[in-house]
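Worksheet for the structure shown next.
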Amino acid sequence: MDENQLRNFMMICRCASITEAADRLGIAQPSLSQQLLRLEDEFRSKLFHRTSRGVVATDAGRMLLEHASAILQAMNRAREEIHESDREPHGEVSIGLPATASMVLGVPLLVAARPALPQVNLRVREASGEIIRQWLDENRIDLAVLYDAEGVRHLSTKPIARETLLLVGPPGLFGPLDEHGIALEPVDPVVLGNRDFILPSVSHGLRKLIERRLQDHNINISATIEIDSLAHTKTLVRAGMGYTLLSHAAISAELANNELSAARVGNVDFSRSVSLARNPAKALTRASLEIEDLTRKLVREMIADGRWIAEPIDDL
């Protein structure tokens with residue numbers, strides 16, 4: 001099967017007639033009929049029902065028509081991208097960032113992209129992980145940062161870092177601090193069961209991660225307040241309404257200003273992976289590849305200089 005066969009097959013579908021399709025294509029009708037027979041042999045399926053008035057696509061034929069259109073469009077886009085590969089990357093690229101990643105990465109990425117890729121219009125879109133996955137499914141964004149995305153099989157994911165959730169409370173708790181504002185000593189996980197917590201709703205990815213890890217240690221915590229807003233969660237914790245679990249990236253500014261306090265939880269693995277994700281069905285552009293590379297480079301630099309408290313993945 002080659003590109004010409006697909007185009008000819010699509011013409012037969014459009015005309016509903018092998019004879020008319022052959023006329024439009026400027027080839028002999030027997031030659032077109034032979035091409036169709038070879039396609040049917042290759043797919044081991046009947047692609048058309050023959051009638052006295054022409055041909056009608058079978059279910060297999062309709063499926064091939066859908067795939068053929070997508071294949072030819074992708075080939076055309078590939079030609080255009082390769083043809084322009086010597087030009088400076090250009091065009092619009094959209095990246096989806098969860099609120100936590102957006103706080104640490106959003107502005108630095110926009111600032112870094114301006115001089116590095118002056119002809120690329122980068123759009124940063126912030127939302128929950130669930131919404132971002134929906135945007136990827138619907139091809140509404142080119143790229144995304146997702147947490148714990150390894151099990152999402154229909155997406156192409158590349159882990160870039162691993163970060164750990166911290167117990168977060170009002171200012172002045174947990175004792176002496178390290179250079180990042182995190183308590184030197186971890187807290188005993190048993191104390192979690194005696195605290196009121198402010199957590200996202202049960203459908204939120206962060207809530208699922210927390211409950212999954214605590215179940216492994218037979219620890220139950222009480223969510224006295226449920227709210228799907230990072231900003232409001234931090235305000236409530238600062239006001240002494242309860243505790244929460246967040247990464248350092250989400251609270252670095254508050255720790256620097258002594259507005260919150262944070263400590264690691266001993267003997268509980270609250271780590272989560274950070275990945276770059278794409279929908280493989282969406283056309284890949286040089287501009288989006290350059291933004292992906294820039295994001296990976298920036299994450300590496302931020303981890304190295306302490307702006308992002310995380311462990312880099314080996315292939316970063």
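The values are calculated or read from the model by the stated rules, or taken from the named source; none is laboratory data. Bear in mind the structure is a predicted one, so any value in this text is a computation, not a measurement. As a convention, Cβ positions derive from the backbone with ideal geometry for all residues, glycine included, and neighbour counts pool all protein chains shown.
Quick notes on this structure:
- The condition of being of a type outside the set (S, T, N, Q), crowded, with 17+ Cβ neighbours inside 10 Å and assigned by TED's automatic domain parsing to the domain that holds LEU255 holds for only one of VAL145, VAL168, VAL104, VAL120, that being VAL168.
- The set of residues in the stretch 106-146 being under 17 Å from ASN279 (Cβ atoms) and part of a strand (DSSP E or B) consists of ARG123, ARG125, LEU143, ALA144, VAL145, LEU146.
- Yes/no for SER288 being touching a strand residue (DSSP E or B) at 6+ places or on another chain (Cβ under 8 Å), polar (S, T, N, Q), buried (at least 20 other Cβ atoms within 10 Å of the Cβ) and more than 30 Å from SER156 (Cβ to Cβ): no
- Test: residue in the stretch 31-41 that is touching a His at 6+ places or on another chain (Cβ under 9 Å), outside the structural domain of SER288 (by TED's automatic domain parsing) and at pLDDT 85 or above: no
- Residue within the stretch 216-232 that is in contact with an Asp or Glu (Cβ under 7 Å, 6 or more places away or on another chain), modelled with pLDDT under 95, in a loop (DSSP other than H, G, I, E, B) and more than 30 Å from GLU92 (Cα to Cα) present: no
- Counted residues, the stretch 242-256 - those being buried (at least 16 other Cβ atoms within 10 Å of the Cβ) and either assigned by TED's automatic domain parsing to the domain that holds ALA99 or in contact with an Asp or Glu (Cβ under 9 Å, 6 or more places away or on another chain) (or both): 6
- Long-range neighbours under 9 Å by Cβ, at least six apart or interchain, first residue within 12 Å of ILE12 (Cβ to Cβ) within the stretch 46-61, second surrounded by fewer than 11 Cβ atoms within 10 Å (Cβ to Cβ): VAL56/ARG50
- The stretch 21-32 residues that are part of a loop (DSSP other than H, G, I, E, B), paired with ones that are not β-branched (Val, Ile, Thr) (beta carbon under 7 Å, 6 or more apart): ALA28/ALA22
- Of ALA78, ALA101, all but one fail to be in a helix (DSSP H, G or I), over 16 Å from ILE12 (Cα atoms) and either aromatic (Phe, Trp, Tyr) or modelled with pLDDT under 90 (or both); the exception is ALA78.
- Listing of strands (runs of 3 or more DSSP E) fully contained in the stretch 239-280 that carry 1 or more residues being closer than 18 Å to LEU184 by Cβ and touching a strand residue (DSSP E or B) at 6+ places or on another chain (Cβ under 6 Å): 261-263
- Here LEU184 meets the list (1) more than 24 Å from the chain's Cα centre (by Cα); (2) surrounded by 18 or more Cβ atoms within 10 Å (Cβ to Cβ); (3) modelled with pLDDT of 95 or more almost entirely, failing just condition (2).
- Assessment of the stretch 50-72 against the conditions (closer than 30 Å to GLU126 by Cα and outside the structural domain of GLU126 (by TED's automatic domain parsing)) yields at least one matching residue.
Here's the yes/no breakdown for (1) acidic (Asp, Glu); (2) at pLDDT 95 or above:
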{"position": "ALA112", "(1), (2)": "no, yes"}
{"position": "VAL124", "(1), (2)": "no, yes"}
{"position": "SER128", "(1), (2)": "no, no"}
{"position": "ARG133", "(1), (2)": "no, no"}
{"position": "LEU136", "(1), (2)": "no, no"}
{"position": "TYR147", "(1), (2)": "no, no"}
{"position": "GLY175", "(1), (2)": "no, no"}
{"position": "ASP188", "(1), (2)": "yes, no"}
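- So ARG44, is it on the phi > 0 side of the Ramachandran plot and surrounded by fewer than 17 Cβ atoms within 10 Å (Cβ to Cβ): yes
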